[in-house]
């Protein structure tokens, strides 16, 4: 119990210290993501109900068990790809804006597609958006933001400690956040099945 408590406080201190050291970058990531989320909503409203239900390759589909299972793996794979790209981008500080764009673009797609879902599917779209889609996907974006901030911290450790801590740190971070995002995707899929959703959002 003592070791677990010590480990918890170590992780907590690491997280708080990383956020404090990268507070400007943290503000930039969250602010830009929020702005893009709002822009996505505005674009969808401007486009109106005449827009197709499949935009930028992200589809609104009938929520059968097969489709929900397939969408689970699709979302998980897309998030793993983003994790991998953020890892690569974190090696060079000049690539930071690209990482911000990756996260913000996902926020944009969320705003865009949930708005289309509400426009196209009315009350069912509102219910699914408010109680499943928005909470799960905002949590996923939050996890991406935290992952990028923490993975940026490892580059500093690489410089300070000659690089020997880097592989272990990155492996632990990737595994921890992979499990986190896996749980988010799993919970979303289970909720869709539980509510017998007649439409799902594939991002």
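So the values come out like this:
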| item | result |
| --- | --- |
| Ranked list, fewest to most other Cβ atoms within 10 Å of each Cβ, for 153, 23 | 23, 153 |
| Residues 46, 154, 69, 26 arranged by fewest to most Cβ contacts within 10 Å | 46, 69, 26, 154 |
| Which of 110, 123, 186 has the fewest Cβ neighbours within 10 Å, and the rest in rising order | 123, 186, 110 |
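Bear in mind these aren't lab numbers, they're just calculated from the coordinates by the rules spelled out. Everything quoted here is computed from the prediction, not taken from an experiment. Ideal geometry is used to build each Cβ from the backbone, glycine not excepted, and the neighbour counts take in all protein chains shown.
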